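Every number in this text was worked out from the coordinates using simple rules, so none of it is lab data. Keep in mind the model is a prediction, meaning the values are calculated, not measured. Neighbour counts run over all protein chains shown; Cβ positions are idealised from the backbone, glycine included.
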């Protein structure tokens, strides 16, 4: 494909869409499908047929629109009205009253001026819920693959890296390593064969940012990977994603095929000497495979077990070749940076944490869903303005960020700006973007126990501190929640936490004690309340003077 | 090959840039405890006993997989490291079913030696008493998983030196076990050549020869040095051990 052909394709698709007077967008992401959005779509199609509007109204299944709590969601593109809880009957009501009659169906209308929508800033998610992820033409019509074209035809690989470096983009998988630096190391590493890997092995409980990006806008990730490959000099890419994401896998497979068909992947992309192919690799359900060295082994078909670093994958990765491993969200940020410039991106967020971040709001929160906000936004704004606070008027207690590797942030830190350093300073971490909100009904020791149980099960068993240490941490937490523990047990718990954190081989073990340490830090009284009363000796009190 | 000079426990030491901190420490007579490491096998940094501190660096690093840097300052035996090593051995002791008094390698066991070396006096964690199996189907050897510490030396010697890859790990977390071929009785594992290398490299009594009783089995691991050296130099000699 040439640049010219890309523009023609975009023009043609826009023309096709304009031939309709209106488009009805129905969320067809996992969350809404679970609320039966297939029925919603059928409802719209049937109702439109009944009104003989098939040639005027198009019904499109799109990706996620964000407010998963109120699904299925449907958007009338013409006037931008968003409807919630749209089942089959609501769909026919919307067609009859809104599309035909021109009046709004109040009962199911969502206020798009609500802070949930108004306070967000969408870069990665800009096309999510707006385009059909199953059609490359729709992605191209909104400017897709123009960044790849720009990179290949107008920029040198070094310039691409320089632009990413200028943007200040940091890895969205959790650790926050500067992406430009990572690419630069891989580019400079000796070797003819290099690889680009997209890490879509999202496994934190309560986190589904990557799944939604892959389901809603798969071409965005492919484009990011192709730009990364061009920058570092790779000709082969792999997308590693979990078997638990069947819809994402299906849509990615379709997307890869379409991109290959249009010559946007494969040989001589945009008539240049740049060749790049992408293959899928499906994980078998191990959390630890999200750790990059375990992921590399898993791609090779071996057992997913981490190895010590260095050497880092950017120098010695897949099959010993320099390998760039980036998270889904990181790669989805690449195209807009190349399109609009690194300086533009660096202007968003805070100086050290630029751009936006997607969070999955779950737990005791009104607006369960997926949001994208600029870095540095106060936690309070995310939870109370965008998230709508805790439901049923219960009191907010803490929010867990970073899943089983992160920690909880209590209400006294609600004004904390959400960026990599600030979260680390209070003993939590950015993580991949899960935010689990807890209210006054939540027992913090239980929370710590839940995450520890997860880590015990997911430990690969290679190093002793993680394999046995997490097991004993879990046993100690169980003992505490049974009310059989003493202060000594809590002291032992704390000691073992620090030991596991400092001595484990990989990130899983090193961060597994974080939920315990942070609940101990902020909610120690909840641990103390559960301790067994000490029997026997009690210190004698001075007797009251009888005189 | 450049030679680097750096400090270890306050003494100046030197070594080649492709040697590990563990090798250099041993050449200079500095003892660092190990379990998963064995001369002649690849290093995996799994047991975490050889962790050392490097000044100016937060993270502890495993000496068996870390290369030196000019001018660095390494500490191998601080109070913190001693404490962590003791906890690691403590965790191991609580994990398996280690009954020294009836063990075939009693007094010749590396786990036992480690417990003495780190001065482990009691175990603060509850013993887990896992249900593990014993495999006596092989004609010459026995695998008693109750005594296994999952160091994976048997897996590596079988894969790297014998080339058979009979052993591998099954399961994860505390369900990890060592399995023969596709998790079948050892005696029926077609890939096993019955060479016995795994038995000799095993640090504990998890692998032993049939016909031996309590405290009778001593493991000789010198053969590995001969093989590894012979492959590299073509001569059947064991290379001079430096230091030690």
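Region B:165-220 to region A:394-418: how many Å between their Cα centroids? Going from one Cα centre to the other spans 48 Å. As a ratio to 2.2 N^0.38 Å, the alpha-carbon radius of gyration for region A:49-164 is 1.37.
A Förster radius of 22 Å combined with the Cβ-Cβ distance from residue A:394 to residue A:113 puts the calculated FRET efficiency at roughly 0.25. Expressed as an acute angle from 0 to 90° and rounded to the nearest 10, what is the orientation of the C-alpha long axis of helix A:179-188 relative to the principal long axis of chain A? Approximately 70 degrees, to the nearest ten. When the Cα gyration tensor is reduced to axis lengths a ≥ b ≥ c, the ratio a/c is 1.5 or higher for region A:99-246, and with a/b above b/c it is classed as prolate.
The orientation-averaged shadow of the Cα convex hull for the protein assembly as shown, equal to a quarter of the hull surface, comes to 43.4 nm². How many percent of Cα pairs in region A:444-529 exceed 22 Å? Here the long-distance tail beyond 22 Å is 16 percent of all Cα pairs in region A:444-529. Here the contact order of chain B, divided by its residue count and restricted to Cα pairs under 8 Å and six or more residues apart, works out to 19 percent. When the Cα gyration tensor is reduced to axis lengths a ≥ b ≥ c, the ratio a/c is 1.5 or higher for region B:106-244, and with a/b not above b/c it is classed as oblate. When both bridge partners sit in the protein assembly as shown, DSSP labels roughly 60% of those beta bridges antiparallel. Springs between Cα atoms under 10 Å define the GNM used for chain B, and in it the highest mean-square fluctuation of B:197, B:139, B:219 occurs at B:139.
How would region A:174-327 be classified by its alpha-carbon gyration tensor: rounded, prolate or oblate, with rounded meaning a/c under 1.5 and the a/b versus b/c comparison settling the rest? Since a/c reaches 1.5 but b/c is at least a/b, the shape of region A:174-327 is classed as oblate. Each Cα pair under 8 Å and six or more residues apart adds its sequence gap; the mean of these over the residue count of chain A is a relative contact order of 13 percent. A crude spin-label estimate for the pair residue B:1 and residue B:121, with each label 7 Å from Cα along the Cβ direction, gives 4.4 nm.
Distance from the Cα centre of region A:237-261 to that of region A:149-191, in angstrom? So the two Cα centres are separated by 23 Å.
By the count of neighbouring beta-carbon atoms within 10 Å, fewest first, B:147, A:172, A:81, A:302 end up ordered A:302, A:81, B:147, A:172. Placing one equal scatterer on every Cα of chain B and applying the Debye formula, the log10 ratio I(q)/I(0) at q = 0.09, 0.14 Å⁻¹ is -0.42, -1.01. Averaging the Cα positions of each part gives two centres, and for region A:88-116 and region A:267-296 these lie 42 Å apart.
Ranked by how many other Cβ atoms sit within 10 Å of their own Cβ, fewest first, the residues A:525, A:457 fall in the order A:525, A:457.
Helix B:222-233 and the longest principal axis of the Cα set of chain B meet at an angle near 60°.
Projecting label points 7 angstrom from Cα along Cα→Cβ for residue B:134 and residue B:16 puts them 4.6 nm apart. Computed extension gain for residue A:275 through residue A:247, at 0.36 nm per residue and net of the alpha carbon distance, reaches 7.3 nm. Only alpha carbons enter this Debye calculation for region A:356-435, each as an equal point scatterer, and the log10 of I(q)/I(0) it gives at q = 0.12, 0.19, 0.21 Å⁻¹ is -0.27, -0.72, -0.90. Our summary gives region A:206-308 a relative contact order of 24 percent, counting only alpha carbon pairs under 8 angstrom and 6 or more residues apart.
Neighbour counts of C-beta atoms inside 10 Å place A:117, A:451 in the sequence A:117, A:451, starting with the fewest.
Between helix A:470-481 and chain A there is an angle of about 60 degrees, using the helix long axis and the longest principal axis of the Cα atoms. Restricting to bridges with both residues inside region A:15-112, how much of the DSSP beta-bridge set is antiparallel, in percent to the nearest 5? Within region A:15-112, antiparallel bridges account for around 55 percent of the total.
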